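Asks: A single structure is presented below for examination.
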Amino acid sequence: MCTGANVNAAKLHETALHHAAKVKNADLVEMLVEFGGNFYAQDNRGRKPSDYSWSSRPTAERFEYYEKTPLRLSHFCRLSLRRAFGQRALEKIAKLQIPQRFIDFLSYQ
C-alpha cells in the first residue's frame, strides 16, 4: 500500500518504472502505474521504461497495454485525491464521513 512515496521520483536519472523494466518485473510495473507511475517518463538517455522491456514479454506487454489503452477517469480521480490528502492520506481518508465503498476505493482496497 502506498503511504505517500513519490513513484515518479528519479534516482540516478531513472524512475522506479525504469528499474522495474530493467529487472523484468511485470507485477511491479503494474503496481507502479496503479499508484501513478509515469510510463512516458524519460531517463537521462531519453529512454522510456518500455524501452528497457523488449527482452521480457510480460513486462513489454504491460507497457504496450498502458501506452495503447487510456487509463480510466476514476484512476486519475483517485490519484488526484490521494495527492491532495498528502503523505498521511490513509489516515485522513479513514476519517472522512463518506461511504465505506469510497474509503476502500481511495485506499486501494
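Asks: I'd like to know which of F102, F63, V23 lies farthest towards the positive end of the charge dipole of the chain, counting +1 on Cβ of Lys and Arg and -1 on Cβ of Asp and Glu.
Replies: Value computed over the given set: F102.
Asks: With 23 Å as the limit, write out which pairs from K24/K92; K24/K48; K48/K68; K22/K48; K11/K92; K11/K48 have Cα-Cα distances beyond it, or answer none.
Replies: In this structure, K24/K92; K11/K92 lie more than 23 Å apart at Cα.
Asks: Moving on. Given springs between every Cα pair under 10 Å in a Gaussian network model of the chain, which of Q97, Q42, Q87 has the largest fluctuation?
Replies: Of Q97, Q42, Q87, the most mobile in the Gaussian network model is Q97.
Asks: Also, quick follow-up: Which parts of the stretch 87-109 would a label at E34 reach, counting a residue when its backbone N lies under 16 Å from a point 7 Å out along Cα-to-Cβ?
Replies: So the set is 104-109.
Asks: Would you mind giving the three semi-axes, in whole Å and largest first, of the ellipsoid equivalent to the stretch 39-100 according to its Cα gyration tensor?
Replies: In descending order the semi-axes read 33, 14, 10 Å.
Asks: Comparing L90, L12, L28, which has the greatest mean-square fluctuation in the GNM of the chain with Cα pairs linked when under 10 Å apart?
Replies: Highest fluctuation among the options: L12.
Asks: Please compute the net charge surrounding Y108, taking Lys and Arg as +1 and Asp and Glu as -1 over other residues with Cβ under 12 Å from its Cβ.
Replies: Taking every other residue near Y108 into account, the sum is 0.
Asks: A further question on this structure: Can you tell me the Rg and Dmax of the stretch 16-68, counting just the alpha carbons, in angstroms?
Replies: Rg, Dmax (Cα atoms, Å): 9.5, 25.
Asks: Can you tell me the FRET efficiency between D27 and S55 if r is taken as the Cβ-Cβ distance and R0 is 25 Å, rounded to the nearest 0.05?
Replies: The formula returns an efficiency of 0.90 here.
Asks: For q = 0.10, 0.16 Å⁻¹, what log10 I(q)/I(0) does the chain give under the Debye formula with an equal point scatterer on each alpha carbon and no solvent?
Replies: So the normalised log intensities work out to -0.32, -0.74.
Asks: Neighbouring Cβ atoms within 10 Å as the yardstick, rank L79, L106 fewest first.
Replies: So the residues, fewest neighbours to most, are L79, L106.
Asks: May I pose another question? Which value, in debye to the nearest 20, describes the size of the charge dipole of the chain about its Cα centre when Lys and Arg Cβ atoms bear +1, Asp and Glu Cβ atoms bear -1, and nothing else is charged?
Replies: 260
Any read-out appearing in this document is the output of simple, stated calculations on the displayed coordinates, not a laboratory observation. Quantities reported herein were computed from a predicted structural model and do not represent experimental measurements. Cβ: placed from backbone, ideal geometry, glycine included. Neighbour counts: every protein chain shown.
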